[in-house]
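What follows is one structure encoded as structure tokens, with my remarks underneath.
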Amino acid sequence: MLPPLTVHDYERSVSLYSVPLLKAALSIFSRYGGGGSTISETISSQLRLYVNHNGPDYVGYAKDQVEAWSKFENICQELSRQASACIGSSLSGPTIYILTGTGLDTIRPSTELEKLYDEKNIDGSNLSKLMFTIDRFTSQLTNRARRNIVSFMEEDILALPHYSQANRMVEMMNVLIKEVPKLAYKKLFDSFNGIYNLLDTFEDLASVMDSSRGSIDTAYVMCLDALVSLLLIYNREGDETGLDKNRVVHVFVRFMRHFRTVTIARECAFQKGERYGTLGNFSEANFFEVLAQLPADRAAKLTRFLNTDRPSRFVKGLILLRMGESRKAKRCFFEGDFPSDETLAHFGLPARGDNSYYEYTSKVIAGLGFNELAVIFASRVTNPDTACLINKFRYALAARNYDVAYYTAVAELKHKDNVAELILDMAKHQPLKLLTYPFTSYHPLVDAILASSSLPNKFKLLYAWRVSREDLKGAACALYEQLLVVKQGLDQGMSEKKTYIAELYSSILNVLALQGKDDAWFVSNGRVHTLQDVENEHSQWLAGMVREMKLVMR
């Protein structure tokens, strides 16, 4: 590993060489360029190596650091030279493509915007004069001033639409004016006086940016400089400029739109490791496409650049759901509306077709695994058809939202198959909750499903269900059938199960005792069992247990 380096050394290496080249150079350096007592794995151990009897050897450490970085630089240069060899080239219109060992290089003509930026005041046109004037002024601003105004402008493009853009400009100006030297301020307006139709020239610059394709960074800097200048023009006291303040606001807003577009483009370019792009590609629709292609965590960072219109809210909700932020996504979807089918396709979603907004959104949300949230949106659909109700029922079952599932199956769908599916699902996952629903007119169905199920607790559940419906004969029958099943799996010496069977007999007798003498009976497997029959079986069972105990005690 290389010794510690300054931030400037690091930035220089990263800016000069590609990441793959740097990785290859580090690999070579670690094998052949380091070693000995001058290179180590951690900073602390490095520092311990440079201590002599007089204390820390800063001079020796600095010398070795310079030598190590010199070796590393030589490796990078050699790799860069070898990788830069031309493998092939192609000419397409005015653009030349050169294939090298490290990738594809492009040589293209400068765009009109780049020419303006690089050749200020050369052709003597109003635009060139304007760019020269602005550049000369902004070069006198401190870095702090530029950071402050950039921060304020980025806040502006993320905020909700303003009631008064003019008031917002005043707020920005209050941040900027503290950093502007008075002499520079005066010289700026002296230069503006030499530009014919100043606001028309700003409009011309905005038009050039409308059609610009090229360096994103160049467009960003020019747009920022124009915004700073327009702020100063608007803030000029009195009528010294002779300009229409309302028109200044209009031009400022136009550049703010460009600033937003370029800022998005820069963010997207950073994600892809590019610094050049086509600004025209960052329309709202194509921005959605970029978001759809990015990993969820990166896309989430870019959602701050989305508009506050309803289609954009829908897209933001999608991205938040992918991040697992269901609560925030819910608010976005409620405030959203359909984006275009093209945008939906970018996210792998079907066209909206004839679906209402809430119905479509519920399907999308359920497809991402958020069934509880899907239930909320499906419940908002007005006059739902059968397909929509079935979807809502499915979402509710998947979310274990049995209140909605019960109402949908029993009161809306009113179909036996849906009710049966609900009964079985509740019996599996929340059997006690099953007992709390009335299932009006579906008692026989519930009973039949529970009796024929293969649930491990089916007899206990069947007993509880029948007791809750005051079907004591049926409850006694459920206990008796459970007793028979336990007996079938009984082996000798299983005293716990034998005791359990005795307890089941007692429970059956207690249930039958709650009925009148003539009603103390039940039917199991086609045979009538009376209270007396059960008492006899119980007595015989207890007697058998007593005999076994006596044999064991001998």
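The values are calculated or read from the model by the stated rules, or taken from the named source; none is laboratory data. Bear in mind that the values here come from a model prediction, so they are computed numbers and not experimental data. Using ideal geometry, Cβ is built from the backbone for each residue, glycine included, and neighbour counts are taken over all protein chains shown.
Filtered by the rule that a residue be aromatic (Phe, Trp, Tyr) and under 17 Å from Thr386 (Cα atoms), region 403-456 gives Tyr406, Tyr407. Taking every residue in region 543-554 that is under 24 Å from Tyr505 (Cα atoms) and pairing it with any residue that is of a type in the set (Lys, Arg) and surrounded by 10 or more Cβ atoms within 10 Å (Cβ to Cβ), at least 6 positions away or on another chain, the pairs with Cβ-Cβ distances below 7 Å are Met545/Lys498. Contact map, region 240-254: first residue modelled with pLDDT under 85, second residue charged (D, E, K, R), Cβ cut-off under 9 Å, separation 6 or more or different chains; pairs are Leu243/Arg236. A single entry from Ser110, Ser128, Ser139 fulfils the requirement of being of a type in the set (Gly, Ala, Ser), surrounded by 13 or more Cβ atoms within 10 Å (Cβ to Cβ), modelled with pLDDT of 70 or more and over 27 Å from Phe305 (Cα atoms): Ser128. Can you run down the residue pairs with Cβ atoms below 7 Å, 6 or more apart or on separate chains, where the first is in region 52-76 and aromatic (Phe, Trp, Tyr) and the partner is modelled with pLDDT of 70 or more? Once the first residue is aromatic (Phe, Trp, Tyr) and sits in region 52-76, its partners that are modelled with pLDDT of 70 or more give Phe72/Ala25; Phe72/Phe29.
Counting just the residues of region 507-551 that are over 18 Å from Glu470 (Cβ atoms) and small (Gly, Ala, Ser), which one comes out surrounded by the fewest Cβ atoms within 10 Å (Cβ to Cβ)? If we take residues in region 507-551 being over 18 Å from Glu470 (Cβ atoms) and small (Gly, Ala, Ser), then Gly526 is surrounded by the fewest Cβ atoms within 10 Å (Cβ to Cβ). There is at least one residue in region 412-431 that is of a type in the set (A, V, I, L, M, F, W, C), farther than 30 Å from Leu483 by Cα and in contact (Cβ under 8 Å) with a residue 24 or more places away in the chain.
Restricting Ser207, Ser191, Ser215, Ser211 to those that are under 27 Å from Val290 (Cβ atoms), modelled with pLDDT of 80 or more and surrounded by fewer than 22 Cβ atoms within 10 Å (Cβ to Cβ) reduces the list to Ser207.
Residues that are among the aromatic types (Phe, Trp, Tyr) and at pLDDT 70 or above do not occur anywhere in region 86-105.
Among the acidic types (Asp, Glu), more than 21 Å from Leu424 (Cα to Cα), part of a helix (DSSP H, G or I) and under 60 Å from the mean Cα position of the chain (by Cα): which single residue out of Glu496, Glu470, Glu535 fits that description? Answer to the selection: Glu496.
Hey, any hits in region 171-185 for a residue that's in a loop (DSSP other than H, G, I, E, B), surrounded by 17 or more Cβ atoms within 10 Å (Cβ to Cβ), in the same structural domain as Ala226 (by TED's automatic domain parsing) and modelled with pLDDT under 80? Within region 171-185, one or more residues are in a loop (DSSP other than H, G, I, E, B), surrounded by 17 or more Cβ atoms within 10 Å (Cβ to Cβ), in the same structural domain as Ala226 (by TED's automatic domain parsing) and modelled with pLDDT under 80. The helices (runs of 4 or more DSSP H) falling completely within region 355-454 that include 2 or more residues that are acidic (Asp, Glu) map to 416-429. The residues of region 386-438 that are of a type in the set (Gly, Ala, Ser), over 16 Å from Lys363 (Cβ atoms) and within 32 Å of the chain's Cα centre (by Cα) amount to a single one, Ala405.
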